Amino acid sequence: MHITLNGQSKEIDADPDKPLLWILRDDLQLVGTKYGCGQALCGACTIHIDGEPARACQTRLADVAGRNVVTIEGASGKVAEIVQSVWTKLDVPQCGYCQSGQVMAAIGLLSTNRKPTDEAIDDAMSGNICRCNTYQRIRAAIHEAAKVLGA
Amino acid sequence: MNDRAFALLAQEIAPSRRSFLIGAAAAGSSLVIGFSTFADVAQGTPTSNPFSGYLQISPDETVTIYSSQMDMGQGIYHGIATLVQEELDADWTKVSVAGGFGNPALYGNLNMGGKFQFTGGSSGTASSWERYRRAGATARAMLVAAAAEQWNVPLNEISTSNGVVSHASGKSTTYGALATAAASRPVPGDVTLKESQSWNYVSSETLRRYDSALKSTGRQQYTIDLHEPGMLTAVMIHPPRFGANLQSFDGSKAKEMKGVVDVVETPRGVAVVASGMWEAMKAREAVTVQWDESKAEKRSSAELITEYRAAADKGGDAVAANAGDVDAAFAKAAKVLEARYEFPYLAHAPMEPINAAARMNPDGTLEVWGGHQMPDLYQAAAAKVAGIASDKVILRVMKTGGGFGRRASPDADIIVEAVATAKALGWKAPVKVQWTREDDMRGGRYRPAFVHKLKAALDDKGELMALRDSVVGQSIAKGTLFEAGLVREGVDRLSVEGIRNLPYAVPNVRIDLTTTESAVPVLWWRAVGSTHTAYALESFIDEIAYATGKDPVEFRLAMLKDKPRHAAVLQLAAEKAGWSSPAPTDRYRGIALAESFRSYVAQVAEISIESSGRPKVHRVVCAIDCGVAVNPDQIRAQMEGGIGFGLGAILKSQLTLDEGRIVEGNFDGYDVLRMDEMPKVEVHIVKSSAPPTGVGEPGVPPIGPAVANAFFKATGKRVRILPFSRSENS
């Protein structure tokens, strides 16, 4: 199966039904994408497929044939850099485990909406659970990133 | 468990006033600070093990701090690094923290007797406060002494800054360059710690968490991420009901599947071992298992709660607190109030489902990776399963994706599974045992279900004359190594903490306890007993205040005349929330106060009522007194997180038993707080020079009753059966 992964062309020989999450984590050892629920309920495995946030645990290898997949390891560009630097500046993470998914979801949001309202943040981010409950800082970081992007 | 571990734990769990000695020695060419006794240094003993110290300064300038405390996200590595840095004055960009283990004399938790290593009870900062500053100061003194000798100048002409040692003459060198020479200096018998007015890092906003960038870019490694050479992945098949035992299993079909290595028995169930997680999960479905369920828990939640209610109505025989004459006070009461509160089992549900990994090395050492919250115990447990000596077990202390108490399991459950699985494979390969979310949700170790029945006697002036609480629930400590330290005269202190020690001056108080029995395993869950005692007490106190026509803040303050720290946080939260002025339109406020882990927290919740009838929490004003605020921003972070954690639980979370089986398996059935439900949290920290106390847990207890009290203000209804989402509350 052929995919573009983090900007590189890749041939993957695996069961087409295998979830992309386990291909990334176990076969390719790209472990930044996390397992949290396996049922698209928590967002810890959020990646981008053709630029759109998606859940790797509910995406089969066959679903991404010929498509462009980006994981946290490959997150790049102005929005990604700003989001990650603001995340660090505000000390958003506690345990950090869900933050790959949070960051990927936030990059997805800010890539299409340069000045999200609180409601837009709720809509885009409520699928991403943080058991440390860093939500307040995630919200603040998205607003801050929007500010930097607009500057 | 071996005798040594037992001896360490079978003691009163109480703060230790034992002083400790700091030694130092060379390890290779590094300076290592922190041997437990000078004798060790004199004998030139543990120099090769870099984990046998508090900190190590290497010639390449790196400073590695060995933490006695595990970091599950609460930021204790950052806190300990701050304490070392305050006295050491290193180059902060060269500082990192790793988990220490294997030396209880060095790492013992000073809040819990000092003899065993334990992360919990929000004691990390308190236990480390003097220890790690002293370690930093000792290292700095030896570096300065080494420079003074090299330059032949007096000590007092030398200054340090950011890892550089300087002399007025213009000479300067670095900590790394001095490390080897410093290691041979005599260890100063006593070092003077800085006075608070000289602090540069403690209580400062400038020092940011050193791990934020790692965690914002997906580079932080957790146990689940391990891919050591040849490492296999195993998933477990646990009993479907708690207390059931394995009879037989057939893994033959599974073993024919692609990527499957073996299906083996462990003391805690069947392990399905494969090349990767997906392969193991698929193969698990092909294994058939027979269980002996004769001793299993088969009751449903409804039956359990009926039994609990009956026990609460009857009252317990074990007395947790008894002051004055409660019966006489009730006999002459002008008015009696009564309320029963019910709390469900709760899962910790950390984002990283439970896991551990094990590898037997050719030299006979066993490496065990995991969230080692009780290292001495886990070392002993791993050694016992492996059949080797404890000191052959090397713990790799990993950061964990949350914990909330779940990683401190007295029976070392996941450690046993990992080591037993590796052993069953004949030690042929390293193995990582990884639970799925469903395994985690249904695998036990819950916040126990509890029922409280409260009664208040009021005199004809509306004064609270007597308070009774009959508490019913399972004991966390009973049957564990902690029983001797925590259970006294039939009372597990964890069952009644928060109400046994109620802060209010009530002349007659009786708190009794019925300890129930079930095979459902229970465990400490962030803030432990206060997760239910504070809800029951603070809701009931509010109820009494309204019943007597008094303002909830004034009513509490009148009973807190001898409790200045409680009163101060209550007043601060009320003031910052604008308690004395009306709430905005369609907003309602409630307040609650709780002392836990020797910190004092009050919270005001401001809510509205949604069209569904459920509360929407808009704003929470939180006041905390935790002594010296070592990392103010991390205190805020823990309050924000604790509030969200507690709020999700009281609004939505519960585990349900259906004939002994846990119904909820994932985040659809077991709902937790999400972004759109997170209130705006404002944290106000009381300025204090008292020694630091806990912050990881104390943010949790007040939020539930604060919201419940606001909900009453809005609707006139008391929510007494949790969570709010239950049909009884609509």
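Contact annotation: residue pairs with Cβ atoms under 6 Å, 6 or more positions apart or on different chains, pairing a residue in the stretch B:487-504 that is on the phi > 0 side of the Ramachandran plot with a partner that is in a strand (DSSP E or B), are B:Gly490/B:Ala318.
Residue-by-condition table, conditions (1) within 14 Å of chain A (Cβ to nearest Cβ); (2) surrounded by 24 or more Cβ atoms within 10 Å (Cβ to Cβ); (3) within 30 Å of B:Glu265 (Cα to Cα):
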{"site": "B:Pro410", "(1), (2), (3)": "no, no, yes"}
{"site": "B:Thr421", "(1), (2), (3)": "no, yes, yes"}
{"site": "B:Val451", "(1), (2), (3)": "no, yes, no"}
{"site": "B:Gly473", "(1), (2), (3)": "no, yes, no"}
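For B:Ser294, the requirement of being within 14 Å of chain A (Cβ to nearest Cβ) and either in contact with an Asp or Glu (Cβ under 6 Å, 6 or more places away or on another chain) or surrounded by fewer than 19 Cβ atoms within 10 Å (Cβ to Cβ) (or both) is not met.
Just one of the listed residues (A:Ile129, A:Ile82) is out of contact with any Asp or Glu (no Cβ under 8 Å at 6 or more places or on another chain), on the phi < 0 side of the Ramachandran plot and assigned to a helix (DSSP H, G or I), and it is A:Ile82. Any chance the stretch A:7-29 includes a residue that's crowded, with 18+ Cβ neighbours inside 10 Å and over 21 Å from B:Glu279 (Cβ atoms)? No, there is no match, as no residue in the stretch A:7-29 is crowded, with 18+ Cβ neighbours inside 10 Å and over 21 Å from B:Glu279 (Cβ atoms). Quick check: is even one residue across the stretch B:209-221 within 11 Å of chain A (Cβ to nearest Cβ), more than 30 Å from the chain's Cα centre (by Cα) and free of Cβ contacts under 8 Å to residues at least 40 places away in the same chain? There is no residue in the stretch B:209-221 that is within 11 Å of chain A (Cβ to nearest Cβ), more than 30 Å from the chain's Cα centre (by Cα) and free of Cβ contacts under 8 Å to residues at least 40 places away in the same chain.
Conditions (1) farther than 29 Å from B:Ala690 by Cα; (2) at pLDDT 95 or above, marked per residue:
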| residue | (1), (2) |
| --- | --- |
| B:Ser161 | no, yes |
| B:Leu207 | no, no |
| B:Leu232 | yes, yes |
| B:Pro240 | yes, yes |
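Here are A:Ala44, A:Ala56, A:Ala75: which of them is over 24 Å from B:Glu279 (Cβ atoms), buried (at least 22 other Cβ atoms within 10 Å of the Cβ) and among the small types (Gly, Ala, Ser)? None of the other options fit; the residue is A:Ala75.
Taking the stretch B:329-441 and the strands (runs of 3 or more DSSP E) fully enclosed by it, the elements with 3 or more residues that are out of contact with any Pro (no Cβ under 9 Å at 6 or more places or on another chain), assigned by TED's automatic domain parsing to the domain that holds B:Ala708 and farther than 26 Å from B:Asp71 by Cα are at B:335-343. Residues in the stretch B:226-233: is at least one closer than 14 Å to B:Ala271 by Cα, in contact (Cβ under 8 Å) with a residue 60 or more places away in the chain and more than 14 Å from every other protein chain (Cβ to nearest Cβ)? No.
Selection of first residues in the stretch B:258-284 that are closer than 9 Å to B:Thr421 by Cα and outside the structural domain of B:Pro430 (by TED's automatic domain parsing) and of second residues that are hydroxyl-bearing (Ser, Thr, Tyr) and part of a loop (DSSP other than H, G, I, E, B), restricted to Cβ pairs under 9 Å at least 6 apart or on distinct chains, gives an empty result. Scanning the stretch A:10-27 for residues that are β-branched (Val, Ile, Thr), at pLDDT 95 or above and either under 13 Å from the mean Cα position of the chain (by Cα) or in the same structural domain as A:Glu144 (by TED's automatic domain parsing) (or both) turns up nothing.
Only one entry in B:Ser169, B:Ser203 is polar (S, T, N, Q), within 36 Å of the chain's Cα centre (by Cα) and not in a strand (DSSP E or B), namely B:Ser203.
Are any of the residues in the stretch B:714-728 surrounded by fewer than 20 Cβ atoms within 10 Å (Cβ to Cβ), more than 14 Å from chain A (Cβ to nearest Cβ) and at pLDDT below 95? The answer is yes, given that some residue of the stretch B:714-728 is surrounded by fewer than 20 Cβ atoms within 10 Å (Cβ to Cβ), more than 14 Å from chain A (Cβ to nearest Cβ) and at pLDDT below 95. Check whether at least one residue in the stretch A:24-47 is more than 12 Å from chain B (Cβ to nearest Cβ), touching a residue at least 40 places away in the same chain (Cβ under 8 Å) and of a type in the set (Val, Ile, Thr), and report yes or no. Within the stretch A:24-47, none of the residues are more than 12 Å from chain B (Cβ to nearest Cβ), touching a residue at least 40 places away in the same chain (Cβ under 8 Å) and of a type in the set (Val, Ile, Thr). Does the stretch B:610-620 contain at least one residue that is over 24 Å from B:Tyr504 (Cα atoms) and of a type in the set (Ser, Thr, Tyr)? Yes, the stretch B:610-620 has at least one match. Scanning the stretch B:150-208 for residues being of a type in the set (Lys, Arg) and farther than 30 Å from B:Asp633 by Cα gives a total of 2. Taken together, A:Gly108, A:Gly96 contain a single residue that is more than 7 Å from every other protein chain (Cβ to nearest Cβ) and among the small types (Gly, Ala, Ser), which is A:Gly108. Quick check: is even one residue across the stretch A:125-147 more than 8 Å from chain B (Cβ to nearest Cβ), over 17 Å from B:Ile635 (Cα atoms) and among the hydroxyl-bearing types (Ser, Thr, Tyr)? No. Can you spot a residue in the stretch B:629-642 that is over 27 Å from B:Glu303 (Cα atoms) and away from chain A (no Cβ under 14 Å)? So far as the stretch B:629-642 goes, yes, one or more of its residues are over 27 Å from B:Glu303 (Cα atoms) and away from chain A (no Cβ under 14 Å).
The values are calculated or read from the model by the stated rules, or taken from the named source; none is laboratory data. Please read these numbers as outputs of a predicted model, since none were measured by experiment. Backbone-built Cβ (ideal geometry, glycine too); neighbour counts: all protein chains shown.
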